[in-house]
Structures are given as C-alpha cells and as structure tokens.
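A short worksheet on the structure shown next.
What follows is calculated from the coordinates using simple rules that are stated; it is not laboratory data. What you are looking at is a predicted structure, and each value in this text was computed from that prediction instead of being measured. Reconstructed Cβ throughout: ideal geometry from the backbone, glycine too, with neighbour counts over all protein chains shown.
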Ligand code: UDP
C-alpha cells in the first residue's frame, strides 16, 4: 500500500520539525516546506537522507504546487514570538492570511484534510479564565500583537469558510505556550530567554512584576494532541495545552533552580498588551480526543535544558536569531 502523503508548512520551525519527526516515524511520506525566515535547516537535516522525507525552501504566501496526490496538510508556517511580530509584522500577516488561503486552496484541489495551527493568542488578554473554545477573546487589533492575533483569527474564519462553503475537511488547533528542544535561543520567549541567560551567566529578565501567568506544555504532548485531532472527525477549534499554570516569576525561579545557577532576577517593563493570565480549558480535547498532557514541567524542563546545554558556545553567545534582514529586502 502506498504511503499517505502529508505537506507540513513551517517544517523547519520548532513545532513543524517535531511534527515532521512524528509523521516520518508513522511512515507517512512527509513533504516539508519552509522559507527559513525563522526556521532552521538544522532542525530537519537529520531527515534529509530518508526516502519518505523531502523539503522545499518555499514561501507559502505564493501559489503552492505539489506534484501528485496529497492526503493531509498541516499549516504551521508563521513567526510565533512577540519579537518576530515586531520585526516582521507584514510577513506575519501574510502567512496567516495569504499563506492560509493557499493551503486551503491546495486542500480543496487535492481533496486533502487540512489542520491549521491557531493559537491561544486568539483569546488576547483574556477576561475569562481558564479559556475554553467558546470564549471569543479580547484582542487589540492595533497593538504590537495585533498582526499575529488578527492573522490567526482571520485564519480560523477562512478555514471555517472553506469547511462550510467548499466542504473541505478542516481541523483547527489552538496551541497554548509550548516548549522543548529546537526553540530559538533568542526569539524573545520566556523559556529560551531564561535558560540562555542562566547558561551565559546573565541576570534573568522578568517583565513586569512577574505575576502574569502562563501554562507550559511539553512538545511531545502537543504533537500527540495534534496527531489525534488530525485523525478525528471534529472540525471546530480544540485547545491543546497543559493547564498547569504558573506565574512568570515562579517560572524564572524554577529555571534558576534547574540550572543550578546563582543568577538574580531583574525586572523590566511589561511589554504592551502582554496577557496577564493564560490557562487552557482542555475539557473538549479530553472528551473528543481522549487527550491530556502527561509530561510534568519538571521532566519537560529537564529535557529542554539538556538540549540547550548541548548547543555550542558560539550558538549560546550569538545574538543572531533569524534571517530577517535577508528576507525583508526581498518582500
Ligand atoms: N517574559 C519575561 N522575560 C523574558 C521573556 C518573556 O518575563 O525575557 C514574559 C513575557 O512578558 C510573558 C511571559 O514571559 O509575560 C511569556 O512570554 P512568551 O513570549 O514566552 O509567551 P507569550 O507572551 O506569547 O505567551
């Protein structure tokens, strides 16, 4: 029997590369696609020798052509950290809108099932806690996160339209904060920032007074949830995340303890529109997918720390974290 063929956009990114690993392992033929603006080839180069993996360096905001049959699409291409949105706002908007449109058009053409990566950012700075899928959110469209949040909200609307109007088989996952190996050290997110600072012997920078909360999910749990959602028959959004909520100050302290460093915490201004609290209500994922996370933060953080420790000294010290300059000139 011929292998199922799956296109994964954002294949060289943190989430995309782990999804490539999973689907290759399940014996799918995986077609990875990424324009490498924030993704890194290093995240997928261990797959290049496999006969069931191929890769295209391509920008999905342009028309996508795939030769032959296609059974599934996972649309994971997008910048995904606050620093990224500030530096490449237009590209962030384009990949969530035009990129999604192209992926949905491809799904229609190929009669493929498509799963779209949405985000807890659709809830904005939430007024309901924890957040369930029926909450409409509290998003500032013109704030610094607006380019990401609104692109993702548009993406969900577009996906539902292809479902209802064209009958495309669509799935929407709302991803909450996730961590693990292959996160970019300098992408501005809390976990790589804190671990990088600890490894370099710098102070840990907590924004605001650190009382804002997040709920961190280990990558393997997220991948399992996405795998189950793709194979379910449920087309409405599903939260996937770990409800184990913690304040950012306590999180910084956990990382200081884990790394055995004697760094101190320094407090900086809270960025505009930084959500004060975030915790997924995962009742729907439990009921529909029989899914819940099972990697504790203690275990997941240890695995992630081991990854960051394995990076070379140059990587650890480098402040460079993307290909923005090169890319922006072209677009
Ligand atoms: N944060 C921080 N110090 C840093 C980076 C982030 O205190 O060096 C805070 C950030 O303001 C936010 C939380 O950590 O309140 C989580 O930030 P992250 O960027 O990881 O995720 P998001 O805000 O998108 O959920």
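Can you give the angle from 0 to 90° between the axis of helix 146-166 and the longest principal axis of the chain, with both taken from C-alpha atoms, to the nearest 10?
Rounded to the nearest ten degrees, it is 20.
Hey, could you get me the Stokes-Einstein D for the stretch 63-147, Kirkwood radius over alpha-carbon pairs, 4 °C and 1.567 mPa s, rounded to whole µm² s⁻¹? Don't skip to the end; give the middle numbers.
Details: Rh = 14.5 Å.
It diffuses with D of about 89 µm²/s by this estimate.
May I ask you to derive the FRET efficiency for residue 254 and residue 90 from their Cβ-Cβ distance with R0 = 41 Å, giving the value to the nearest 0.05? Could you put the intermediate results ahead of the total?
Details: r = 36 Å, r/R0 = 0.89.
Taking R0 as 41 Å, the efficiency between residue 254 and residue 90 is 0.65.
Relative to the first principal axis of the alpha-carbon coordinates of the chain, what is the inclination of helix 219-230, with its axis defined by its Cα atoms, in degrees from 0 to 90 and to the nearest 10?
For helix 219-230, the angle is close to 20 degrees.
Counting only DSSP beta bridges with both residues in the stretch 41-183, tell me the antiparallel percent, nearest 5. Don't jump to the answer; show the numbers that get you there.
On the way: 0 of 11 bridges.
Once the DSSP bridges in the stretch 41-183 are tallied, antiparallel ones form about 0 percent.
Given labels modelled 7 Å from the Cα in the Cβ direction, how far is it in nm from residue 67 to residue 288?
Output for this residue pair reads 3.7 nm.
Tell me the relative contact order for the stretch 15-74 as a rounded percent, counting alpha carbon contacts under 8 Å between residues six or more apart. Could the numbers behind the result be given before it?
Values: 45 pairs, mean separation 21.1, N = 60.
Computed over the stretch 15-74, the figure is 35 percent.
If you rank 160, 317, 183 by fewest surrounding Cβ atoms within 10 Å, what's the result?
On the way: 160 16, 317 12, 183 23.
Listed from fewest to most nearby Cβ atoms, that is 317, 160, 183.
Can you give me the Cα centroid spacing of the stretch 255-281 and the stretch 12-49 in angstrom?
Each part's Cα centre sits 30 Å from the other's.
For the chain, what is the percent of antiparallel DSSP beta bridges, rounded to the nearest 5? The partial results should precede the final answer.
Values: 3 of 38 bridges.
Among the beta bridges of the chain, antiparallel pairing accounts for roughly 10 percent.
With bins 20 Å wide starting at 0, give me the P(r) of the chain over every alpha carbon pair, in whole percents.
Reading the bins upward from 0: 32, 61, 7.
Got a sec? How would 65, 18, 101 order by Cβ neighbour count within 10 Å, fewest to most? Write out the running numbers ahead of the final one.
Values: 65 10, 18 22, 101 17.
Fewest to most other Cβ atoms nearby, the residues stand as 65, 101, 18.
Compute the distance from the alpha-carbon center of the stretch 131-195 to that of the stretch 95-109, in whole Å.
16
If each residue's Cβ is checked for other Cβ atoms within 10 Å, how do 207, 308 rank with the fewest at the top?
Details: 207 15, 308 19.
Taking fewest neighbouring Cβ atoms as first place, the list is 207, 308.
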